[in-house]
Amino acid sequence: MIKKITFTLWSLYATTVALDSTFYPAYGLDDDIIVHRSYALSYSEPYEQAKWVIELLTRGHVLNDAFDRTDNFRADPAVMTGSAALADYSGSGYDRGHLAPAQDFAWDSVSMSESFFLSNMSPQNASFNRGIWAQFESQVRTWAIENDSLYVVTGPVLRSGLPTIGGNEVAVPEAYYKVLLVYTGNTQKGIGFVMANEGSNAGFETFDVAIDSVESLTGIDFFPVLPDGVEDAIEGGVNLSLWFEGVSPVKQRRERFKTRRQKRRTGCYDLRGRQVQVGHKVGAAPVWVDGLVRMP
């Protein structure tokens, strides 16, 4: 079987800072990988949205705020099975919420325009999309400035049984994640965040989780390119002091995986690093308590 990877014309000839494909999350022969000029995604046809979107956000990108939003929402012609359509969102009561934010691409007109492909959208509550999600996107850009460059993976938490909108039955996620990786020079660190698809006034640090916990929740192996020891150190816990000023450098740890094979086969953990009961399956419905997710 031939691996399905679709490149847009601009992605083949882009002269901007390249997104290294070796940092993509793990994917299989049946995954529909779409590569645009400045971001790539894995499209999930059953849910009519991306499972993950990855971008490399740099200090230069953020500071070069040259182009305004285009707001030219449209179907993504690169999705071979057909992406969601504008009609799916019309009258639904949900925002067409960006996964990779438009403002991240204000440095390049083509990238800005491509950020409005519906493959990069997911149905979000307005209070979430225009509130804490937008605020958090701005915080991520601040981290890109502080760290020079930052890999950002964003996506919905998908599972069977989600409500849908439109004729294409676009799934409405209960939550979204962002996974961040700094991997430059002597700086190697990572962190994950999971937020419910609802408005919130909580601080960003409320939603921090180990990357391993996001992997357990989504079934996605985010940075398989990392050497085992480095991956274990970066993904196995959270050191808030590396990201937030004035926060105690307490690490939230859990049992370590010795190899990636063990990582794939070991039982799942909740988002605070605690192992869940044996019957849990990746993609099971999460339970929300005060805006935080707990796996059943």
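Things worth noting here:
- The residues in segment 158-198 that are of a type in the set (Ser, Thr, Tyr) and surrounded by fewer than 19 Cβ atoms within 10 Å (Cβ to Cβ) can be counted, and the count is 4.
- Subset tally (residues that are crowded, with 20+ Cβ neighbours inside 10 Å, part of a loop (DSSP other than H, G, I, E, B) and more than 20 Å from the chain's Cα centre (by Cα)) for segment 79-101: 0
- Test: residue 217 is of a type in the set (A, V, I, L, M, F, W, C), closer than 23 Å to residue 231 by Cα and within 14 Å of the chain's Cα centre (by Cα): yes
- The set of residues in segment 25-71 being crowded, with 20+ Cβ neighbours inside 10 Å, of a type in the set (Gly, Ala, Ser) and not in a loop (DSSP other than H, G, I, E, B) consists of 40, 42, 50.
- Among residues of segment 213-239 being at pLDDT below 95 and among the acidic types (Asp, Glu), the one that is surrounded by the fewest Cβ atoms within 10 Å (Cβ to Cβ) is 228.
- Filter result (under 14 Å from the mean Cα position of the chain (by Cα) and not hydroxyl-bearing (Ser, Thr, Tyr)) within segment 103-123: 104, 120, 121
- Segment 1-24, subset surrounded by fewer than 19 Cβ atoms within 10 Å (Cβ to Cβ) and at pLDDT 85 or above, residue nearest to residue 60 (Cα to Cα): 20
The values are calculated or read from the model by the stated rules, or taken from the named source; none is laboratory data. All values reported here derive from a predicted model rather than from experimental measurement. Note that we place each Cβ from the backbone using ideal geometry, even for glycine, and neighbour counts take in every protein chain shown.
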